[in-house]
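Visitor: Handing you a structure now.
The values are calculated or read from the model by the stated rules, or taken from the named source; none is laboratory data. Bear in mind the structure is a predicted one, so any value in this text is a computation, not a measurement. Heads up, the Cβs are rebuilt from the backbone with ideal geometry, glycines too, and the neighbour counts pull from every protein chain shown.
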């Protein structure tokens, strides 16, 4: 049974191409991503929206070029109140054990601000609320 674009609309490595009033899937013969050789022209044209360039071969031995671009970028099912709130923590250089606990909880050293950064929920779980610092 031949697959059509309507029976499987979300195949990333295939495309629909009209052929005698019927849509037939075509496999990608080559895929290149932004930054790879051959993508510079498309990066100039589409910028950060470019995801991939795919070359597909048709029955008539023609090469079809398709572009995958991003048209929207948003969080799925998360409101601003559900997103993790990062806070700044003051930790002395000699507190290596505490720094390691913060790192294991997903925190990191912010070299520009010269503070440790961690999600507020994890700060509460670690009992480090008194170490939160604010910038004015």
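Visitor: Would you tally the residues in segment 29-71 being exposed (fewer than 13 other Cβ atoms within 10 Å of the Cβ), assigned to a strand (DSSP E or B) and under 20 Å from the mean Cα position of the chain (by Cα)?
Guide: Adding up the residues that qualify gives 0.
Visitor: Give me the residue from segment 96-136 that is farther than 14 Å from residue 86 by Cβ and not in a helix (DSSP H, G or I) and, out of that set, modelled with the highest pLDDT.
Guide: Taking the candidates together, the pick is 127.
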